[in-house]
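Note sheet for the following structure.
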Amino acid sequence: MLASGNSSSQPVSFILLGIPGLENYQFWIAFPFCAMYLIAIVGNVIVLHIIRTDHTLHEPMYLFLAMLAITDLALSSSTQPKMLAILWFHAHEIEYHACLIQVFFIHAFSSVESGLLMAMALDRYVAICFPLHHSTFLTPAVVGKLGAAVMMRGLLWVSPFCIMVSRMPFCPNHVIPQSYCEHMAVLKLVCADTRVNRAYGLFVAFSVVGFDMIVISISYVMILRTVLGLPSDEARFKAFGTCASHICVILAFYIPALFTFLTHRFGHHVPRVVHIMFANFYLLVPPMLNPIIYGVRTKQIRDRVIQGCCGKDP
């Protein structure tokens, strides 16, 4: 269906199929998805509340963690309510502009999350390699500027996605064979040369995720060198322990993200159902796991949760 009064290029809406190949099981698949989404919402809200109310946690690592929690809430909420409506109530139609807004939110906040993971790696690098200067280098003002820079990068780099796609004509087929609107999935419905769009998508991927992964890798190489030079096993173990949560979060985010990105462009032989399930996990698993990982492995947050649950001092 095409928008009236337009040059027959913009559709009124798209159709999101959900999980093609698992139509008979979509109703039941929605239950674990809903549980994961609820855990993500509750977990990240708890982390935000603890960091906001406990002034002893107003340090760089926890401020970055609060930013990560906000990003996870936005990232998961941009897709999960609509996905659950598709799987439970067969609400497959999504309005054209709502689809473009979803594309923007997914890619912008994925970029922000990647940037925050990079900033957290730099924080760990300074804390371990220059412990005496950590509070001098990473003041609250510097943390705020890093967070703002990461946010602006996401907004500025991703905005052209929606602008370029919105000016292109679409084919009569408006069916997107997955659960949400993603840039490459929408681009496949365009009846025009999309080489510029694809090239820009690759540029954004490499300039954002590629750059962030390089900085993270260099940071941890330097951290490893410093830790291995510590005089005692206990000191080395403690230093590694401060990085364990962050490393788990990095793996939870980048593994499904890279699989989804590479499959969209090069994985033509990967079964569609595998690709779509990983695409769903990419936007749902990290927001769910991040507060759990930091809640379990970070003593200050763990003690506050125990105190709130038991009503007594940790």
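The values are calculated or read from the model by the stated rules, or taken from the named source; none is laboratory data. Just so we're clear, the structure is a prediction, and the values are computed from it rather than from any experiment. Glycine gets a Cβ as well: all are built from the backbone with ideal geometry, and neighbour counts include every protein chain shown. When the accessible area is computed, the model is the full protein with side chains, heavy atoms only, and any ligands, DNA or RNA have been set aside. Shrake-Rupley method; radii C 1.70, N 1.55, O 1.52, S 1.80 Å.
A few comments on the model shown:
- Helix 195-205 axis versus longest C-alpha principal axis of the chain: approximately 10°, rounded to the nearest ten.
- Computed E for L230/C34 - FRET, C-beta separation, R0 51 angstrom, nearest 0.05: 0.65
- With every protein chain in place, the range 231-306: carbon and sulfur % of accessible area (1.4 Å): 72 percent
- The order of the peptides 282-293, 152-163 by mean Cβ neighbours within 10 Å, most packed first, is 282-293, 152-163.
- In the chain, the longest principal axis of the Cα atoms and the axis of helix 80-89 are about 50 degrees apart.
- Computed about its Cα centre, the charge dipole of the chain is approximately 340 debye, with only Lys, Arg, Asp and Glu carrying charge at their Cβ.
- Proximal charge balance of I128 [Cβ under 11 Å; K/R count +1, D/E count -1]: +3
- Amide H contacts under 5 Å for I176, placed H, 5+ residues apart: I15, L16, L17
- Ordering of 49-55, 84-90, 273-279 by packing [mean C-beta count within 10 Å, highest first]: 273-279, 84-90, 49-55
- Accessible surface, the chain, averaged per residue in Å² (probe 1.4 Å): 49 Å²
- Value in Å of the Kirkwood radius, where the chain supplies the Cα pairs that are averaged: 21.0 Å
- Cα-based helix-to-principal-axis angle, 60-77 vs the chain, degrees rounded to 10: 20 degrees
- Label-reachable residues, the range 234-277, where backbone N falls under 15 Å from a point 7 Å from F130's Cα toward its Cβ: none
- Taking the Cα centre of the range 1-113 as reference, the dipole from Cβ charges on Lys and Arg (+1) and Asp and Glu (-1) amounts to some 100 debye.
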